[in-house]
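Working notes, beginning with the structure itself.
The values are calculated or read from the model by the stated rules, or taken from the named source; none is laboratory data. Here the structure is a predicted model, which is why all the values come from computation and not from measurement. FYI the Cβ positions are ideal-geometry reconstructions off the backbone, even for glycines, and counts take in every protein chain you see.
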Amino acid sequence: MRKTGILYLILLFTTQLATGQDLKVGLLFDQFASVRWEVDASQLTSEFKKNGIEVIVKVAHSSLEKQVSQAQELADEGVKVFVVIAVDGRKSSAILDIAKSNDILVVAYDRLILDPRVDLYVSYNNLEVGRMQAQAMIDNVKKGNILMMNGPVADNNAVQFRKGHLEVLDPLVKSGQITIVDDLVLDTWSDVSALMKLYEVGPDFSKIDGMLSAIDWFNDAAMEYTGDSAMFTKIYMTGQDPSTATAIKLKKDIQNMTVCKPIAPLAIKTVELTMAKLNNQKTKGLQKTSVGSDSIDSYLLTPIYVDKNNVDEYQDEFLK
C-alpha cells in the first residue's frame, strides 16, 4: 500500500509538471493600437490558463527599449516562456540574450524574430498572403496602373508580403502590362501613418486601376484622402485582417478581396506547440524557417482568401 502511495505521488507530480503547474508565461506585445492584438492577448491567455499556466501581459507601445526592459522584468518574475510579438524583429537580440541567460523558451508569435536562438515561430504563411493579394490584382487588372502600400520593414511579415507581391507582379511589370505608380512603405501599420504618407506623396487616384494594400485599413486611409469612397468601386483593392466593416465594403464592391488569418487557430496552435516544447514532446507539422545561415522550428498556418462570394462563410472570423 505504501509503495502504491509513493507511485501515486510521483505520477501526480509528473502530471502537474506536464500541465504547467506553477509555470508562468510572459506575453510581450508590440502595441495594442490595433484591436486585433487585444484579441490575440485574450485568446493566448485563455489557452495557457487551460493548461494551468499563469500569464503576464506586457505592452511596449512600439518602443523596442521598453520591450527589452519588460523582458527583463518578466525574467525577474520567473517566467519560463516569452511569447513575443516583436517591436522590431531585426533588433530583438537583447530579448534573446535575457531569455537564454535565464533558461527561458522564446516563441516568436505572428512576427518572425531574426535570431536563430528563437525556439519556435508560429504564424500564417505570409509569403502566400502576398501572393494571394497580387494574384487577385493581376486577375482583375490585367493592364494598368497600381499603387502599392505596405507596412514597416521592422516587421518581417511586411517583408514577406512584399516578396510575394513582387514574385507575382514582376513578369507583368517587365512586360509593361502593369505600372507601379507608387510603392509606399510605411513606418508603422496605422491608418494615420497611411493617410499622412498619401498626403505626402499626393497620388492621383483617378489614374490608378488597382491599390495593392497589404492591410485593410490602408484602404480606409485612401478613402479618407480622396473623400470619395464611390470612386473605389472602379479601383481594384486588396487587403488583410478583415473586420466587420470589411464585410460591408466587400459586399458593396468598395474593396474587392481580403486575406483572413483567424486568430483562434493561431493562438491554439501556439499554446499547443509551446506546451510540447516545454515537455520535450515531438510534434508533427513543424518546418524550418531560415534565419540567416541558420534555421528555427516553425509552424505556418494557411491564410484564407475572402471576397464577396464567400464573405458570409468567414465573417464570424473577422475582427469586431
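Residues in region 32-61 that are assigned to a loop (DSSP other than H, G, I, E, B), closer than 18 Å to LEU319 by Cβ and either of a type in the set (Lys, Arg) or in contact with a strand residue (DSSP E or B) (Cβ under 9 Å, 6 or more places away or on another chain) (or both): PHE32, SER34. Might you let me know whether region 217-225 holds any residue that is within 24 Å of ASP155 (Cβ to Cβ), in a loop (DSSP other than H, G, I, E, B) and in the same structural domain as ASP183 (by TED's automatic domain parsing)? Scanning region 217-225 turns up no residue that is within 24 Å of ASP155 (Cβ to Cβ), in a loop (DSSP other than H, G, I, E, B) and in the same structural domain as ASP183 (by TED's automatic domain parsing).
Exactly one residue among THR244, THR238, THR283, THR258 is among the hydroxyl-bearing types (Ser, Thr, Tyr), more than 30 Å from PHE82 (Cα to Cα) and either more than 22 Å from the chain's Cα centre (by Cα) or modelled with pLDDT under 95 (or both), and that residue is THR244.
I'm trying to understand the selection: among the residues of region 192-210, which are of a type outside the set (A, V, I, L, M, F, W, C), buried (at least 19 other Cβ atoms within 10 Å of the Cβ) and within 27 Å of the chain's Cα centre (by Cα)?
Pass one, region 192-210, residues of a type outside the set (A, V, I, L, M, F, W, C): 193, 197, 199-200, 202-204, 206-207, 209-210.
Within this subset, residues satisfying the condition of being buried (at least 19 other Cβ atoms within 10 Å of the Cβ) are 197, 203, 209-210.
Selection gives LYS197, GLY210.
Yes/no per residue for (1) in contact with a strand residue (DSSP E or B) (Cβ under 7 Å, 6 or more places away or on another chain); (2) assigned by TED's automatic domain parsing to the domain that holds TYR225; (3) buried (at least 22 other Cβ atoms within 10 Å of the Cβ):
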{"residue": "GLY130", "(1), (2), (3)": "no, yes, yes"}
{"residue": "GLN135", "(1), (2), (3)": "no, yes, no"}
{"residue": "ASN145", "(1), (2), (3)": "yes, yes, no"}
{"residue": "ASN157", "(1), (2), (3)": "no, yes, yes"}
{"residue": "LEU166", "(1), (2), (3)": "no, yes, no"}
{"residue": "LEU172", "(1), (2), (3)": "yes, yes, no"}
{"residue": "THR179", "(1), (2), (3)": "yes, yes, no"}
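Given the structure, is ASN140 touching a Phe, Trp or Tyr at 6+ places or on another chain (Cβ under 6 Å) and surrounded by fewer than 20 Cβ atoms within 10 Å (Cβ to Cβ)? Yes: the conditions hold for ASN140.
Residue pairs whose Cβ atoms lie under 6 Å apart, sitting 6 or more positions apart in sequence or on different chains, and linking a residue in region 176-191 that is free of Cβ contacts under 8 Å to residues at least 60 places away in the same chain to a partner that is loosely packed, with under 15 Cβ neighbours inside 10 Å and assigned to a helix (DSSP H, G or I), are ASP182/VAL201. Scanning region 255-265 for residues that are surrounded by fewer than 20 Cβ atoms within 10 Å (Cβ to Cβ) and closer than 19 Å to GLN133 by Cβ gives a single hit, PRO262.
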